[in-house]
Amino acid sequence: MEIKVVENAKAIESDILVVSMFEDEKTSVELANTYALEQDNFKGKFSETYLLPTYGKEVFKKVLVLGLGKRAEFNQDKMREAVAKAIKKAMQMEAKKVAFSLDGIDFDYSEQFAMGAFIADYTFDKYKSEKKDNKVQEVYVQANADLVNKAEKIAAAMTFARNLANEPAQFATPTELAAIACDLGLETQVYNREDCEKMGMGAFLAVARGSSQEPKFIHMRYQVDNPKKRIAIIGKGITFDSGGLDIKPPSSMLTMKDDMSAAACILGVMSIIKEFHPQVEVHGLIAACENMPGCSAYKPGDILTAKNGKTIEVDNTDAEGRLTLADALCYACELGVDEVIDLATLTGACMVALGTQASGIMGNDETLVKNLIDTAKRSGERFWELPLWEEYFDSLKSDIADMKNTGSRWGGASTAGVFLQKFVKDVKWAHIDIAGTAFLEKPQKEFIKGATGAGVRTLLNYILEQ
Ligand code: BES
Ligand code: MN
Ligand code: ZN
(Lines give C-alpha, C1' and ligand atoms only; values in the text may rest on other atoms or scores of the structure.)
(Ligands and ions follow the chains in the order given, each with its own letter.)
Protein backbone atom coordinates (compact mmCIF):
# COMPACT_ATOMS: atom_id res chain seq x y z
CA MET A 1 0.00 0.00 0.00
CA GLU A 2 1.16 3.46 -0.83
CA ILE A 3 -0.11 6.66 0.76
CA LYS A 4 -0.12 9.62 -1.60
CA VAL A 5 -0.43 13.10 -0.19
CA VAL A 6 -2.69 15.20 -2.44
CA GLU A 7 -4.20 18.69 -2.52
CA ASN A 8 -7.77 17.50 -2.77
CA ALA A 9 -8.72 13.90 -2.07
CA LYS A 10 -12.28 14.47 -3.32
CA ALA A 11 -11.01 15.22 -6.83
CA ILE A 12 -9.25 11.86 -7.14
CA GLU A 13 -10.77 9.04 -9.18
CA SER A 14 -11.16 6.43 -6.47
CA ASP A 15 -13.09 3.27 -5.63
CA ILE A 16 -14.09 4.72 -2.29
CA LEU A 17 -14.06 8.20 -0.86
CA VAL A 18 -13.94 7.91 2.91
CA VAL A 19 -15.56 10.91 4.55
CA SER A 20 -14.93 11.46 8.23
CA MET A 21 -17.83 12.55 10.41
CA PHE A 22 -17.82 13.69 14.02
CA GLU A 23 -20.87 12.63 16.00
CA ASP A 24 -23.93 14.73 15.17
CA GLU A 25 -21.91 17.05 12.94
CA LYS A 26 -22.14 17.64 9.21
CA THR A 27 -19.44 16.51 6.81
CA SER A 28 -17.99 18.46 3.89
CA VAL A 29 -19.65 16.11 1.40
CA GLU A 30 -23.24 17.01 0.59
CA LEU A 31 -24.14 13.47 -0.45
CA ALA A 32 -23.11 12.17 2.97
CA ASN A 33 -25.09 14.86 4.76
CA THR A 34 -28.24 14.29 2.74
CA TYR A 35 -28.35 10.51 2.93
CA ALA A 36 -26.41 9.36 5.96
CA LEU A 37 -27.24 12.14 8.37
CA GLU A 38 -30.64 13.49 7.33
CA GLN A 39 -32.35 10.53 5.69
CA ASP A 40 -30.90 7.58 7.56
CA ASN A 41 -30.17 9.15 10.90
CA PHE A 42 -26.55 7.98 10.87
CA LYS A 43 -25.00 9.68 13.89
CA GLY A 44 -21.29 9.24 13.25
CA LYS A 45 -20.69 7.28 16.44
CA PHE A 46 -17.09 6.19 16.82
CA SER A 47 -16.07 3.46 14.38
CA GLU A 48 -19.54 3.18 12.76
CA THR A 49 -19.65 3.34 8.98
CA TYR A 50 -22.25 4.07 6.32
CA LEU A 51 -21.84 3.17 2.67
CA LEU A 52 -23.35 5.10 -0.25
CA PRO A 53 -23.19 4.47 -4.01
CA THR A 54 -22.60 7.40 -6.36
CA TYR A 55 -24.00 5.80 -9.57
CA GLY A 56 -21.24 7.18 -11.74
CA LYS A 57 -22.12 10.74 -10.89
CA GLU A 58 -18.90 11.44 -9.01
CA VAL A 59 -15.21 10.66 -9.57
CA PHE A 60 -15.36 8.35 -6.55
CA LYS A 61 -17.45 5.19 -7.00
CA LYS A 62 -18.70 4.99 -3.42
CA VAL A 63 -18.74 7.09 -0.30
CA LEU A 64 -17.93 5.53 3.05
CA VAL A 65 -18.96 7.77 5.90
CA LEU A 66 -16.67 7.05 8.84
CA GLY A 67 -17.91 7.91 12.32
CA LEU A 68 -15.27 9.49 14.57
CA GLY A 69 -17.44 9.88 17.67
CA LYS A 70 -17.63 13.09 19.67
CA ARG A 71 -15.17 15.74 18.60
CA ALA A 72 -14.20 16.43 22.23
CA GLU A 73 -13.30 12.78 22.77
CA PHE A 74 -11.28 12.38 19.59
CA ASN A 75 -7.56 11.64 19.92
CA GLN A 76 -4.58 10.08 18.13
CA ASP A 77 -5.50 6.53 19.18
CA LYS A 78 -9.01 6.97 17.79
CA MET A 79 -7.57 8.35 14.57
CA ARG A 80 -5.57 5.17 14.11
CA GLU A 81 -8.44 2.88 14.98
CA ALA A 82 -10.94 4.71 12.78
CA VAL A 83 -8.78 4.72 9.67
CA ALA A 84 -8.00 1.03 10.28
CA LYS A 85 -11.74 0.37 10.27
CA ALA A 86 -12.13 2.13 6.92
CA ILE A 87 -9.19 0.25 5.40
CA LYS A 88 -10.63 -3.09 6.60
CA LYS A 89 -13.97 -2.20 4.96
CA ALA A 90 -12.15 -1.27 1.77
CA MET A 91 -10.31 -4.61 1.84
CA GLN A 92 -13.59 -6.48 2.22
CA MET A 93 -14.92 -4.62 -0.82
CA GLU A 94 -11.65 -5.25 -2.69
CA ALA A 95 -11.28 -1.53 -3.30
CA LYS A 96 -7.87 -0.68 -4.70
CA LYS A 97 -7.89 3.12 -4.61
CA VAL A 98 -9.19 4.77 -1.48
CA ALA A 99 -9.31 8.53 -0.95
CA PHE A 100 -9.80 10.09 2.49
CA SER A 101 -11.53 13.38 3.10
CA LEU A 102 -10.51 14.25 6.66
CA ASP A 103 -11.85 17.78 6.80
CA GLY A 104 -11.53 19.45 10.14
CA ILE A 105 -8.82 17.07 11.28
CA ASP A 106 -5.49 18.69 11.98
CA PHE A 107 -2.31 17.71 10.14
CA ASP A 108 -0.92 16.69 13.58
CA TYR A 109 -2.92 13.51 13.06
CA SER A 110 -1.13 12.56 9.84
CA GLU A 111 1.32 10.15 11.48
CA GLN A 112 -1.32 8.13 13.31
CA PHE A 113 -3.58 8.26 10.25
CA ALA A 114 -0.84 6.59 8.24
CA MET A 115 0.07 4.15 11.04
CA GLY A 116 -3.55 3.00 11.25
CA ALA A 117 -3.74 2.49 7.49
CA PHE A 118 -0.48 0.53 7.30
CA ILE A 119 -1.22 -1.62 10.36
CA ALA A 120 -4.69 -2.50 9.06
CA ASP A 121 -3.41 -3.32 5.58
CA TYR A 122 -1.28 -6.17 6.98
CA THR A 123 -1.97 -9.79 6.04
CA PHE A 124 0.09 -12.96 6.45
CA ASP A 125 -0.89 -15.21 3.56
CA LYS A 126 2.52 -16.51 2.59
CA TYR A 127 1.47 -20.13 3.16
CA LYS A 128 -1.96 -19.91 1.53
CA SER A 129 -1.98 -21.55 -1.87
CA GLU A 130 -4.79 -19.23 -2.94
CA LYS A 131 -4.08 -15.65 -1.99
CA LYS A 132 -6.83 -13.08 -1.71
CA ASP A 133 -6.25 -10.00 -3.78
CA ASN A 134 -7.75 -7.73 -1.16
CA LYS A 135 -5.00 -5.25 -0.39
CA VAL A 136 -5.60 -1.57 -0.88
CA GLN A 137 -3.04 -0.31 -3.38
CA GLU A 138 -3.32 3.45 -3.12
CA VAL A 139 -4.52 5.77 -0.40
CA TYR A 140 -4.99 9.47 -1.18
CA VAL A 141 -5.14 12.01 1.58
CA GLN A 142 -4.49 15.63 2.43
CA ALA A 143 -1.84 15.36 5.13
CA ASN A 144 1.61 16.30 6.37
CA ALA A 145 3.92 14.46 3.99
CA ASP A 146 6.85 14.27 6.43
CA LEU A 147 4.71 12.61 9.08
CA VAL A 148 3.28 10.16 6.55
CA ASN A 149 6.80 9.38 5.46
CA LYS A 150 7.94 8.74 9.01
CA ALA A 151 4.93 6.47 9.64
CA GLU A 152 5.68 4.54 6.48
CA LYS A 153 9.15 3.64 7.76
CA ILE A 154 7.99 2.74 11.24
CA ALA A 155 5.20 0.64 9.76
CA ALA A 156 7.70 -1.14 7.51
CA ALA A 157 9.71 -2.08 10.61
CA MET A 158 6.52 -3.32 12.26
CA THR A 159 5.62 -5.41 9.22
CA PHE A 160 9.14 -6.84 9.23
CA ALA A 161 8.73 -7.82 12.90
CA ARG A 162 5.21 -9.15 12.45
CA ASN A 163 6.22 -11.32 9.50
CA LEU A 164 9.06 -12.83 11.49
CA ALA A 165 6.98 -13.53 14.58
CA ASN A 166 4.18 -15.04 12.49
CA GLU A 167 6.66 -17.32 10.73
CA PRO A 168 6.48 -20.92 12.01
CA ALA A 169 9.30 -22.03 14.31
CA GLN A 170 10.42 -24.60 11.72
CA PHE A 171 11.58 -21.70 9.50
CA ALA A 172 12.35 -18.91 11.98
CA THR A 173 15.22 -20.80 13.62
CA PRO A 174 18.14 -19.22 15.49
CA THR A 175 20.30 -19.72 12.39
CA GLU A 176 17.70 -18.01 10.24
CA LEU A 177 17.42 -15.05 12.63
CA ALA A 178 21.20 -14.70 12.49
CA ALA A 179 21.17 -14.77 8.69
CA ILE A 180 18.45 -12.12 8.63
CA ALA A 181 20.46 -9.94 11.03
CA CYS A 182 23.52 -10.24 8.80
CA ASP A 183 21.50 -9.02 5.81
CA LEU A 184 20.51 -5.70 7.38
CA GLY A 185 23.61 -3.85 6.22
CA LEU A 186 24.85 -3.16 9.74
CA GLU A 187 28.03 -4.26 11.43
CA THR A 188 26.90 -7.61 12.83
CA GLN A 189 28.62 -10.34 14.82
CA VAL A 190 27.12 -13.79 15.25
CA TYR A 191 28.53 -16.00 17.99
CA ASN A 192 27.95 -19.76 17.77
CA ARG A 193 27.81 -22.28 20.60
CA GLU A 194 31.58 -22.51 20.96
CA ASP A 195 32.00 -18.71 21.01
CA CYS A 196 29.32 -18.43 23.67
CA GLU A 197 31.04 -21.08 25.75
CA LYS A 198 34.24 -19.03 25.63
CA MET A 199 32.30 -15.99 26.79
CA GLY A 200 30.95 -17.98 29.73
CA MET A 201 27.29 -17.84 28.73
CA GLY A 202 26.35 -20.89 30.77
CA ALA A 203 22.74 -19.89 31.33
CA PHE A 204 21.93 -19.22 27.67
CA LEU A 205 23.69 -22.37 26.48
CA ALA A 206 21.88 -24.56 29.00
CA VAL A 207 18.53 -23.56 27.52
CA ALA A 208 19.79 -24.39 24.02
CA ARG A 209 20.97 -27.89 24.95
CA GLY A 210 17.70 -29.77 24.43
CA SER A 211 17.38 -28.73 20.80
CA SER A 212 19.09 -29.84 17.60
CA GLN A 213 19.10 -26.20 16.48
CA GLU A 214 22.37 -24.44 17.09
CA PRO A 215 22.10 -21.38 19.37
CA LYS A 216 23.19 -18.01 17.96
CA PHE A 217 24.08 -14.92 19.91
CA ILE A 218 23.53 -11.94 17.62
CA HIS A 219 25.05 -8.48 18.03
CA MET A 220 24.08 -5.76 15.52
CA ARG A 221 25.56 -2.27 15.73
CA TYR A 222 24.35 1.04 14.39
CA GLN A 223 27.15 3.54 14.87
CA VAL A 224 27.63 7.28 14.36
CA ASP A 225 30.45 9.68 15.16
CA ASN A 226 30.09 11.39 18.54
CA PRO A 227 26.79 9.76 19.51
CA LYS A 228 24.56 11.68 21.92
CA LYS A 229 23.91 8.45 23.75
CA ARG A 230 24.71 4.75 23.59
CA ILE A 231 21.83 2.32 23.97
CA ALA A 232 21.62 -1.48 23.93
CA ILE A 233 18.30 -3.08 23.06
CA ILE A 234 17.87 -6.78 23.79
CA GLY A 235 15.11 -9.08 22.56
CA LYS A 236 14.25 -12.50 23.95
CA GLY A 237 14.79 -14.88 21.06
CA ILE A 238 13.33 -18.26 21.98
CA THR A 239 12.34 -19.45 18.52
CA PHE A 240 10.15 -22.11 20.10
CA ASP A 241 9.28 -22.59 23.75
CA SER A 242 8.07 -26.14 24.43
CA GLY A 243 8.81 -25.58 28.11
CA GLY A 244 11.72 -28.01 27.95
CA LEU A 245 11.54 -31.00 30.33
CA ASP A 246 8.95 -29.07 32.34
CA ILE A 247 6.93 -29.38 29.18
CA LYS A 248 3.95 -27.16 28.51
CA PRO A 249 0.45 -28.54 27.99
CA PRO A 250 -0.68 -28.44 24.32
CA SER A 251 -2.92 -25.39 24.68
CA SER A 252 -0.08 -23.31 26.15
CA MET A 253 2.44 -24.50 23.58
CA LEU A 254 0.27 -23.68 20.60
CA THR A 255 1.42 -20.07 20.17
CA MET A 256 5.00 -20.53 21.37
CA LYS A 257 6.52 -19.82 17.96
CA ASP A 258 5.87 -16.25 19.12
CA ASP A 259 8.46 -16.49 21.91
CA MET A 260 10.91 -14.65 19.65
CA SER A 261 8.57 -11.68 19.17
CA ALA A 262 10.97 -9.45 21.09
CA ALA A 263 13.86 -10.60 18.90
CA ALA A 264 11.68 -9.85 15.87
CA CYS A 265 11.05 -6.39 17.32
CA ILE A 266 14.79 -5.73 17.65
CA LEU A 267 15.38 -6.95 14.09
CA GLY A 268 12.54 -4.72 12.88
CA VAL A 269 14.04 -1.68 14.61
CA MET A 270 17.53 -2.45 13.31
CA SER A 271 16.17 -3.03 9.80
CA ILE A 272 15.08 0.60 9.44
CA ILE A 273 17.32 2.53 11.83
CA LYS A 274 19.80 3.69 9.17
CA GLU A 275 17.07 5.43 7.23
CA PHE A 276 16.41 7.76 10.15
CA HIS A 277 20.10 8.65 10.78
CA PRO A 278 19.63 9.06 14.55
CA GLN A 279 22.65 10.48 16.37
CA VAL A 280 22.58 7.61 18.84
CA GLU A 281 24.65 4.46 18.97
CA VAL A 282 22.36 1.44 19.09
CA HIS A 283 23.36 -2.15 19.82
CA GLY A 284 20.75 -4.76 18.98
CA LEU A 285 21.26 -8.01 20.90
CA ILE A 286 19.53 -11.38 20.62
CA ALA A 287 20.36 -14.65 22.36
CA ALA A 288 18.52 -16.99 20.01
CA CYS A 289 17.78 -20.64 20.73
CA GLU A 290 14.99 -23.18 21.08
CA ASN A 291 13.73 -24.49 24.42
CA MET A 292 13.23 -28.21 23.77
CA PRO A 293 13.19 -31.38 25.88
CA GLY A 294 15.76 -33.32 23.78
CA CYS A 295 18.03 -35.93 25.35
CA SER A 296 20.70 -33.36 26.20
CA ALA A 297 18.20 -30.96 27.70
CA TYR A 298 19.00 -29.04 30.87
CA LYS A 299 17.19 -30.42 33.88
CA PRO A 300 15.43 -29.19 36.97
CA GLY A 301 18.04 -29.15 39.71
CA ASP A 302 20.94 -28.33 37.37
CA ILE A 303 23.18 -25.47 38.42
CA LEU A 304 24.20 -23.01 35.73
CA THR A 305 26.87 -20.32 35.80
CA ALA A 306 25.99 -17.11 33.98
CA LYS A 307 28.47 -14.80 32.25
CA ASN A 308 28.91 -12.69 35.39
CA GLY A 309 29.81 -15.75 37.47
CA LYS A 310 26.50 -15.93 39.34
CA THR A 311 25.08 -19.42 39.81
CA ILE A 312 21.47 -20.37 39.13
CA GLU A 313 19.65 -23.48 40.30
CA VAL A 314 17.14 -24.57 37.68
CA ASP A 315 13.76 -24.72 39.37
CA ASN A 316 11.71 -24.86 36.18
CA THR A 317 12.99 -25.32 32.64
CA ASP A 318 10.02 -23.34 31.34
CA ALA A 319 11.46 -20.17 32.89
CA GLU A 320 14.06 -20.17 30.10
CA GLY A 321 13.71 -16.61 28.84
CA ARG A 322 15.26 -15.06 31.94
CA LEU A 323 18.22 -17.45 31.63
CA THR A 324 18.97 -16.41 28.07
CA LEU A 325 18.43 -12.76 28.99
CA ALA A 326 20.75 -13.07 32.00
CA ASP A 327 23.74 -13.67 29.73
CA ALA A 328 22.56 -11.09 27.19
CA LEU A 329 22.26 -8.48 29.96
CA CYS A 330 25.79 -9.26 31.19
CA TYR A 331 27.07 -8.88 27.63
CA ALA A 332 25.20 -5.57 27.19
CA CYS A 333 26.58 -4.17 30.45
CA GLU A 334 30.11 -4.85 29.24
CA LEU A 335 29.55 -2.66 26.16
CA GLY A 336 29.78 0.51 28.23
CA VAL A 337 26.42 1.83 27.03
CA ASP A 338 24.34 4.47 28.87
CA GLU A 339 21.09 2.51 28.82
CA VAL A 340 20.01 -1.09 28.40
CA ILE A 341 16.44 -1.89 27.42
CA ASP A 342 15.30 -5.48 27.17
CA LEU A 343 12.04 -6.77 25.75
CA ALA A 344 10.67 -10.26 26.27
CA THR A 345 7.57 -12.42 26.04
CA LEU A 346 8.64 -13.34 29.53
CA THR A 347 5.78 -14.29 31.82
CA GLY A 348 2.23 -15.57 31.65
CA ALA A 349 1.85 -13.62 34.91
CA CYS A 350 2.29 -10.31 33.09
CA MET A 351 -0.44 -11.37 30.69
CA VAL A 352 -2.68 -12.28 33.62
CA ALA A 353 -2.07 -8.85 35.16
CA LEU A 354 -2.44 -6.61 32.11
CA GLY A 355 -4.14 -8.75 29.48
CA THR A 356 -3.44 -7.91 25.86
CA GLN A 357 -3.88 -4.19 26.44
CA ALA A 358 -0.52 -3.25 27.90
CA SER A 359 3.07 -4.40 28.25
CA GLY A 360 4.60 -4.44 31.72
CA ILE A 361 7.61 -2.25 32.35
CA MET A 362 10.11 -2.35 35.21
CA GLY A 363 13.50 -0.77 35.71
CA ASN A 364 16.18 0.63 37.98
CA ASP A 365 15.91 4.21 36.75
CA GLU A 366 12.73 6.22 37.23
CA THR A 367 13.44 8.68 34.42
CA LEU A 368 14.17 5.97 31.87
CA VAL A 369 10.99 4.07 32.78
CA LYS A 370 8.90 7.23 32.71
CA ASN A 371 10.33 8.33 29.36
CA LEU A 372 9.59 4.93 27.85
CA ILE A 373 6.03 4.99 29.19
CA ASP A 374 5.51 8.47 27.69
CA THR A 375 7.04 7.49 24.38
CA ALA A 376 4.87 4.39 24.25
CA LYS A 377 1.77 6.46 24.81
CA ARG A 378 2.65 8.85 21.99
CA SER A 379 3.51 5.91 19.74
CA GLY A 380 0.16 4.19 20.17
CA GLU A 381 1.37 1.51 22.60
CA ARG A 382 0.73 1.06 26.30
CA PHE A 383 3.40 0.34 28.90
CA TRP A 384 2.35 -0.04 32.54
CA GLU A 385 4.83 0.00 35.37
CA LEU A 386 5.07 -3.02 37.68
CA PRO A 387 7.14 -2.98 40.87
CA LEU A 388 10.66 -4.31 41.26
CA TRP A 389 10.80 -4.49 45.04
CA GLU A 390 13.74 -6.44 46.41
CA GLU A 391 11.30 -8.60 48.45
CA TYR A 392 10.33 -10.35 45.22
CA PHE A 393 13.75 -11.98 45.37
CA ASP A 394 12.87 -13.83 48.59
CA SER A 395 11.20 -16.69 46.73
CA LEU A 396 14.16 -16.99 44.36
CA LYS A 397 16.58 -17.87 47.16
CA SER A 398 18.35 -21.19 46.66
CA ASP A 399 19.92 -23.43 49.28
CA ILE A 400 22.80 -24.43 47.04
CA ALA A 401 23.26 -21.66 44.44
CA ASP A 402 23.05 -17.85 44.27
CA MET A 403 19.45 -18.03 43.14
CA LYS A 404 16.76 -20.19 41.55
CA ASN A 405 15.20 -19.29 38.20
CA THR A 406 11.62 -19.39 39.53
CA GLY A 407 9.94 -18.76 42.81
CA SER A 408 6.43 -17.99 43.94
CA ARG A 409 3.59 -18.09 41.43
CA TRP A 410 2.35 -14.78 42.75
CA GLY A 411 3.74 -11.61 41.26
CA GLY A 412 5.48 -13.64 38.58
CA ALA A 413 6.25 -10.68 36.29
CA SER A 414 8.03 -8.82 39.09
CA THR A 415 9.85 -11.95 40.28
CA ALA A 416 11.20 -12.38 36.76
CA GLY A 417 12.16 -8.69 36.82
CA VAL A 418 14.22 -8.95 40.01
CA PHE A 419 15.86 -12.08 38.64
CA LEU A 420 17.00 -10.12 35.57
CA GLN A 421 18.21 -7.26 37.74
CA LYS A 422 20.87 -9.55 39.25
CA PHE A 423 22.59 -9.48 35.86
CA VAL A 424 22.48 -5.70 35.40
CA LYS A 425 25.53 -3.77 36.53
CA ASP A 426 26.16 -0.03 36.67
CA VAL A 427 23.76 0.96 33.90
CA LYS A 428 20.30 2.44 33.54
CA TRP A 429 18.04 -0.45 32.68
CA ALA A 430 14.41 -1.07 31.76
CA HIS A 431 12.69 -4.39 31.16
CA ILE A 432 9.52 -4.63 29.09
CA ASP A 433 7.38 -7.77 29.33
CA ILE A 434 5.43 -8.09 26.07
CA ALA A 435 3.94 -11.54 26.80
CA GLY A 436 0.38 -10.21 26.50
CA THR A 437 0.83 -7.70 23.70
CA ALA A 438 3.08 -9.44 21.18
CA PHE A 439 0.63 -11.96 19.79
CA LEU A 440 -3.16 -11.76 19.61
CA GLU A 441 -5.45 -14.75 19.61
CA LYS A 442 -8.30 -12.62 18.32
CA PRO A 443 -8.41 -9.35 16.37
CA GLN A 444 -8.01 -6.20 18.49
CA LYS A 445 -8.50 -2.63 17.28
CA GLU A 446 -6.33 -2.09 14.18
CA PHE A 447 -4.68 -5.53 14.47
CA ILE A 448 -5.66 -8.89 13.00
CA LYS A 449 -4.91 -12.11 14.89
CA GLY A 450 -1.25 -12.98 15.33
CA ALA A 451 1.88 -10.91 15.73
CA THR A 452 1.56 -7.19 16.47
CA GLY A 453 5.14 -5.96 16.28
CA ALA A 454 4.92 -4.89 19.93
CA GLY A 455 7.69 -2.53 20.97
CA VAL A 456 8.79 -1.48 17.49
CA ARG A 457 7.03 1.89 17.45
CA THR A 458 8.09 2.82 20.94
CA LEU A 459 11.72 1.80 20.58
CA LEU A 460 12.09 3.63 17.28
CA ASN A 461 10.48 6.79 18.60
CA TYR A 462 12.55 6.58 21.76
CA ILE A 463 15.74 6.37 19.69
CA LEU A 464 14.62 9.18 17.38
CA GLU A 465 13.76 11.48 20.26
CA GLN A 466 17.21 11.39 21.90
N1 BES B 1 7.32 -17.74 26.98
C2 BES B 1 6.72 -17.98 28.25
C3 BES B 1 5.83 -16.82 28.70
C4 BES B 1 4.57 -16.58 27.93
C5 BES B 1 3.38 -17.17 28.33
C6 BES B 1 4.56 -15.74 26.84
C7 BES B 1 2.23 -16.94 27.63
C8 BES B 1 3.40 -15.51 26.13
C9 BES B 1 2.23 -16.11 26.53
C10 BES B 1 7.81 -18.18 29.31
O11 BES B 1 8.98 -18.74 28.86
C12 BES B 1 7.25 -19.09 30.32
O13 BES B 1 7.04 -20.21 30.02
N14 BES B 1 7.04 -18.58 31.53
C15 BES B 1 6.51 -19.31 32.59
C16 BES B 1 7.34 -19.02 33.81
C17 BES B 1 7.02 -19.91 34.97
C18 BES B 1 7.54 -21.29 34.72
C19 BES B 1 7.64 -19.30 36.19
C20 BES B 1 5.05 -18.87 32.79
O21 BES B 1 4.79 -17.69 32.68
O22 BES B 1 4.23 -19.73 33.05
MN1 MN C 1 8.94 -20.86 28.93
ZN1 ZN D 1 9.43 -18.52 26.91
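The values are calculated or read from the model by the stated rules, or taken from the named source; none is laboratory data. Predicted model, so just to flag it, every value in this text is computed and none were measured. Ideal geometry is used to build each Cβ from the backbone, glycine not excepted, and the neighbour counts take in all protein chains shown.
Within region 282-300, is even one residue small (Gly, Ala, Ser), more than 29 Å from ASP426 (Cα to Cα) and either free of Cβ contacts under 8 Å to residues at least 12 places away in the same chain or within 14 Å of ligand 3 (Cβ to nearest atom) (or both)? Break it down stepwise before answering.
Initially, region 282-300 is screened for residues small (Gly, Ala, Ser), giving 284, 287-288, 294, 296-297.
Filter again for more than 29 Å from ASP426 (Cα to Cα), leaving 294, 296-297.
Filter again for either free of Cβ contacts under 8 Å to residues at least 12 places away in the same chain or within 14 Å of ligand 3 (Cβ to nearest atom) (or both), leaving none.
Looking for residues that are small (Gly, Ala, Ser), more than 29 Å from ASP426 (Cα to Cα) and either free of Cβ contacts under 8 Å to residues at least 12 places away in the same chain or within 14 Å of ligand 3 (Cβ to nearest atom) (or both), one finds none in region 282-300, hence no.
Is it the case that region 251-258 has a residue that's away from ligand 3 (no atom under 14 Å from the Cβ) and closer than 20 Å to PHE439 by Cα?
As a first pass, look at region 251-258 and keep what is away from ligand 3 (no atom under 14 Å from the Cβ): 251.
This time we only want the ones that are closer than 20 Å to PHE439 by Cα, so: 251.
Yes: region 251-258 contains one or more residues that are away from ligand 3 (no atom under 14 Å from the Cβ) and closer than 20 Å to PHE439 by Cα.
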Pick out the one residue from ALA179, ALA151, ALA206, ALA172 that is within 30 Å of LEU102 (Cβ to Cβ), of a type in the set (A, V, I, L, M, F, W, C) and modelled with pLDDT of 95 or more. ALA151
So which residues in region 289-306 are more than 15 Å from ligand 2 (Cβ to nearest atom) and not in a loop (DSSP other than H, G, I, E, B), if there are any at all? ILE303, LEU304, THR305
Based on what the data block shows, is GLY355 within 16 Å of ligand 1 (Cβ to nearest atom), surrounded by fewer than 20 Cβ atoms within 10 Å (Cβ to Cβ) and not aliphatic (A, V, I, L, M)? yes
Taking region 286-299 as the region of interest, how many residues are exposed (fewer than 15 other Cβ atoms within 10 Å of the Cβ) and either of a type in the set (Ser, Thr, Tyr) or at positive phi (or both)? 1
Give the residue that is farthest from ligand 2 (Cβ to nearest atom), with candidates limited to residues of region 307-332 that are among the polar types (S, T, N, Q) and farther than 15 Å from THR415 by Cα. ASN308
Taking interchain pairs and intrachain pairs at least six residues apart, which have beta carbon atoms under 6 angstrom, with the first residue in region 138-155 and within 11 Å of GLU2 (Cβ to Cβ) and the second buried (at least 18 other Cβ atoms within 10 Å of the Cβ) and among the charged types (D, E, K, R)? GLU138/LYS97
Residues being away from ligand 2 (no atom under 16 Å from the Cβ), surrounded by fewer than 22 Cβ atoms within 10 Å (Cβ to Cβ) and of a type outside the set (S, T, N, Q): count how many of those fall in region 207-256. 9
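Only one of these is buried (at least 24 other Cβ atoms within 10 Å of the Cβ) and within 16 Å of ligand 1 (Cβ to nearest atom): ASP302, ASP259. Name it. Reasoning before the result, please.
Values: ASP302 fails: buried (at least 24 other Cβ atoms within 10 Å of the Cβ).
None of the other options fit; the residue is ASP259.
I'd like to check something: does region 209-227 contain any residue that is within 11 Å of ligand 1 (Cβ to nearest atom), in a strand (DSSP E or B) and touching a residue at least 40 places away in the same chain (Cβ under 8 Å)? Working first, answer last.
Here is the first cut: in region 209-227, the residues within 11 Å of ligand 1 (Cβ to nearest atom) are none.
Among the residues of region 209-227, not one is within 11 Å of ligand 1 (Cβ to nearest atom), in a strand (DSSP E or B) and touching a residue at least 40 places away in the same chain (Cβ under 8 Å), which makes the answer no.
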Kindly check whether there is at least one residue in region 74-81 that is at pLDDT 95 or above, surrounded by fewer than 22 Cβ atoms within 10 Å (Cβ to Cβ), of a type in the set (A, V, I, L, M, F, W, C) and touching a strand residue (DSSP E or B) at 6+ places or on another chain (Cβ under 6 Å). yes
Residues that are within 16 Å of ligand 1 (Cβ to nearest atom), touching a strand residue (DSSP E or B) at 6+ places or on another chain (Cβ under 6 Å) and assigned to a helix (DSSP H, G or I), drawn from region 262-286: ALA262, ALA263, CYS265
Can you work out which of the residues in region 376-432 that are within 16 Å of ligand 2 (Cβ to nearest atom), touching a Leu at 6+ places or on another chain (Cβ under 7 Å) and assigned to a loop (DSSP other than H, G, I, E, B) is farthest from ALA326 (Cα to Cα)? GLY407
So if I check each of LEU346, LEU325, which one is part of a loop (DSSP other than H, G, I, E, B), within 16 Å of ligand 3 (Cβ to nearest atom), within 22 Å of MET260 (Cα to Cα) and in contact with a helix residue (DSSP H, G or I) (Cβ under 7 Å, 6 or more places away or on another chain)? LEU346
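Only one of these is part of a helix (DSSP H, G or I) and closer than 17 Å to LYS88 by Cβ: ILE154, ILE180, ILE119. Name it. Before you say what the answer is, go through the steps one by one.
Values: ILE154 fails: closer than 17 Å to LYS88 by Cβ; ILE180 fails: closer than 17 Å to LYS88 by Cβ.
The match here is ILE119.
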Residue tally, condition surrounded by fewer than 23 Cβ atoms within 10 Å (Cβ to Cβ) and either in contact with a helix residue (DSSP H, G or I) (Cβ under 6 Å, 6 or more places away or on another chain) or among the hydrophobic types (A, V, I, L, M, F, W, C) (or both), over region 268-285: 5
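Among the candidates LEU388, LEU372, LEU368, LEU396, single out the residue that is within 25 Å of PHE447 (Cβ to Cβ) and of a type outside the set (Ser, Thr, Tyr).
Answer to the selection: LEU372.
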The condition from (1) more than 20 Å from ALA117 (Cβ to Cβ); (2) modelled with pLDDT of 95 or more; (3) not charged (D, E, K, R) that PHE60 misses is numbered (1)
Please verify whether VAL63 is within 24 Å of LYS4 (Cβ to Cβ) and under 28 Å from the mean Cα position of the chain (by Cα), treating the condition exactly as stated. no
Against the conditions (1) closer than 26 Å to ALA288 by Cβ; (2) surrounded by fewer than 24 Cβ atoms within 10 Å (Cβ to Cβ), where does PHE393 fall short? Just the number, please. (1)
